[in-house]
Amino acid sequence: MNRFIFTLYLLAVSCLLISCLAPFVSPEQFPFIAFFGLAYPVLVLINMAFSIYWLILGKKRLILSLIVLLLGCFMLSSYFNFGSFSLNKNNKNNKKDIRVLSYNVRLLDFDRWNKKLPDNRIRILKLLKEESADIICLQEFYTINYP
């Protein structure tokens, strides 16, 4: 059982190290590394679990876990946005941030399902202008009667 757990541990450490390479390696040349990069959050959690396991057992293997997790911490800002805080120096002033707006416009209220409410088309279009998103995803968008 110990050998099996140790093998899983080495596999988890190796996978996390490979996932840390993902931002620096072209997916055209090594596509499998990109998939490891997608698994980064899960791999961090697995390695944290192993760290806790080795800490409870009082094993020196904890040191390798902590080193790998420390290396992985520098990749956090590549995967998660912490507002204006970033460990990645290339990401100053959030110039790389993309604003995405997703909105179910319900046929732009084509059938006026509630006549008591004001015209929702105008309100929806006004909101879309105000948000000035880089990418707008509209579900149930109806264009036949509206240019």
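The values are calculated or read from the model by the stated rules, or taken from the named source; none is laboratory data. Just so it is clear, the structure is predicted and the values come from calculations on it, not from any experiment. Backbone-built Cβ (ideal geometry, glycine too); neighbour counts: all protein chains shown. We work out accessible area using only protein heavy atoms, side chains counted, and drop any ligands, DNA or RNA first. Shrake-Rupley method; radii C 1.70, N 1.55, O 1.52, S 1.80 Å.
Numerical summary
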item	result
Cα gyration tensor category, rounded, prolate or oblate, for the range 8-62 with a/c compared to 1.5	prolate
Rounded percent of accessible protein surface that carbon and sulfur make up, the range 29-82, 1.4 Å probe	80 percent
Accessible area, probe 1.4 Å, largest first, for residues Arg123, Arg3	Arg3, Arg123
Probe 1.4 Å, all protein chains present, accessible-area order of Val100, Val105, Val25, largest first	Val100, Val25, Val105
Per DSSP, loop chymotrypsin sites (Phe, Trp or Tyr not before Pro) in the range 26-76 with at most 12 further Cβ within 10 Å	Phe74
